[in-house]
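Down below is the structure, laid out as structure tokens.
Readers should treat all values here as calculations from the given coordinates under stated rules, not as data from a laboratory. What you are looking at is a predicted structure, and each value in this text was computed from that prediction instead of being measured. In this analysis, Cβ positions are derived from the backbone assuming ideal geometry, glycine residues included, and neighbour counts consider all displayed protein chains.
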Amino acid sequence: MSVEQRRRFEKGKGRATELEAEEKEVDLRPKSREEALAELSRRYFVLSTAGKLIYTSDDDEEAATGLVGVMQAIISIFADEGDKIRYVDVGQTKVSFLLKPPLYLVVVSSQGEPENVLRMHLDYLYLQVLSVVTLTQLQAIFAKRTNFDLRRMMEGTEPFFDSLVSTLQVSLPVLLSSIEVYRLATSTRDDLARALNPGREVIRDLDLLYVLLLAKGRLVTLLRPKKHSIHPTDLHLLLSTIYAKRKSTTPSPSTTPTLNGDPQPPRPPRSSPLLEPDAESWLPICLPRFNPRGFLHVYISFLDIGSSGRFAAGGSAGPPEDGIGLVLLSSQRDSFLGIKAAAEGIKARLLASPSASSAATPSTTLPPPAPDGGLLHPLLLFRARQSYSLGELAIPGLRHFVYKDKSKVQVTMCGWEGEYGGEEGSEGEKARRRLITLYQHLHVALHPRPAAAGAPARQAAQVQYLRTEHEAVLGWITSSFELYLATAPLLPHSAVVNAARAISKFVASKENELFLNNAPSF
């Protein structure tokens, strides 16, 4: 930083803070208890180049609005010098910037993750904006009025952004740019895939792009165009939109006081209305990786599995997030009625017996529902096997793992067990976040950022091993897979390596069940 630049930075910020031009070495030593307690949730901001706040994850919007001016001043100081600010370190806190005129995106974090991860989060947040307002619309709006208040135009979409921010905190599929698939027997998955096909004429007339079947927030199977697969980022944005929860406001103590006079705790967020069984929704959405300049239109309907389906699922339909969803995407804005008719045919085939479903065609009468839930019966039986136990692998010392198949761009992982288990706000959640941060450091080490012009290229590592007082973690990348695992901290290094090999063998033996192979196309 030049003397003049530092002077101007001090004038704009009020104190000097060094800007890291290169990624610094990561201190992986465990933080003190005081430092851990001082850590706050990540704070995300989207603002226009004119300084208008568009979105914040902060509950205190008044305070967030005050910070926007500081952020804009920092960006402007470096822009005046021909610099493009990336991030600023302030003690344990990192402030990362993504400049996408006419938008600026900022995240503030004290959780110790690499700067690359924060920039990936900001990129997702930018793409979430484009899913609501296409790039063409965004550029046209701000070309006419640089101080346009985009927040008013996007009113009502806050749950989508809140859902994405929540997903970014803990999602390993997002970190690995991959898709999480519903674990299922191959024969059942193939039967379900055939039931999704409405016929060539319907696909052509409705200009269908994708037909997806979802369960427990995971992809079961899909119908897609030949030589074209849905991009993981687009699927993550679509899922965060579908499963977006709505914040519940806390009742005023003056109107609903507690018996002891204490303020009432905040109510848990409400499930998305899109998850209601047999409800139908028709929404415009832009999938930026597919086409950032145009909208698709998505039909969403979650199936009512009925009493027979609930019996197969263990006597209960479970929370709405566990439901089975049917999603159809088309480029035709006015094709709702045609899409609805096609969806009704797909639902009927899914709920029919395998023989009746295979005999039915788009031109025949809809098959009657089977008493046991039809094709969905075996899918529901697999519901309890999604977060599979480490006991299924029986590897001594293993605490957690996540495995990515690189050719399929799909991921599988065990459930959170032991010290990583527990609800939000528990010690288990803190342990999960700690482990995820270690996984993030492994991922960055295995995928080095391209070197700047004139700088020597960093050689990508194939294996990385880290150990703290809490756990040992290993990252292993090959031509066919990526693997990240955690073990007890005192487990010998050789035993950790053996655990990694055992995991790769286990996944290979269960490949057809854990991953979606050969999705049907048209």
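Assorted remarks:
- Over 27 Å between alpha carbons, listed pairs Lys226/Lys408; Lys216/Lys340; Lys340/Lys510: Lys340/Lys510
- The Kirkwood radius of the range 101-183, taken over pairs of alpha-carbon atoms, gives through the Stokes-Einstein law at 4 °C and 1.567 mPa s a diffusion coefficient of 89 µm² s⁻¹.
- Between Ile141 and Ala279, the FRET efficiency from the beta-carbon distance, with R0 = 30 Å, is close to 0.40.
- Extension gain, Lys84 back to Arg246 (0.36 nm per residue minus Cα-Cα distance, nm): 54.7 nm
- Per-pair calculated FRET efficiency, R0 = 30 Å: Lys406 and Leu381 via Cβ, rounded to 0.05: 0.50
- Modelled spin labels at Ser331 and Asp60, positioned 7 Å past Cα toward Cβ, are 4.9 nm from each other.
- The slack between Asn517 and Lys340, meaning 0.36 nm per residue of separation minus the straight C-alpha distance, is 60.9 nm.
- Using the Cβ-Cβ distance between Glu423 and Tyr465 with R0 set to 45 Å, the FRET efficiency from 1/(1 + (r/R0)^6) comes to roughly 0.90.
- The label point for Ala50 and the one for Asn498, both projected 7 Å from the Cα toward the Cβ, are 6.6 nm apart.
- Whole-number D in µm²/s for the range 387-514 (Stokes-Einstein; Kirkwood sum over Cα pairs; 37 °C, 0.692 mPa s): 212 µm²/s
- Label positions at Arg293 and Glu321, each projected 7 Å from the Cα along the C-beta direction, are separated by 3.8 nm.
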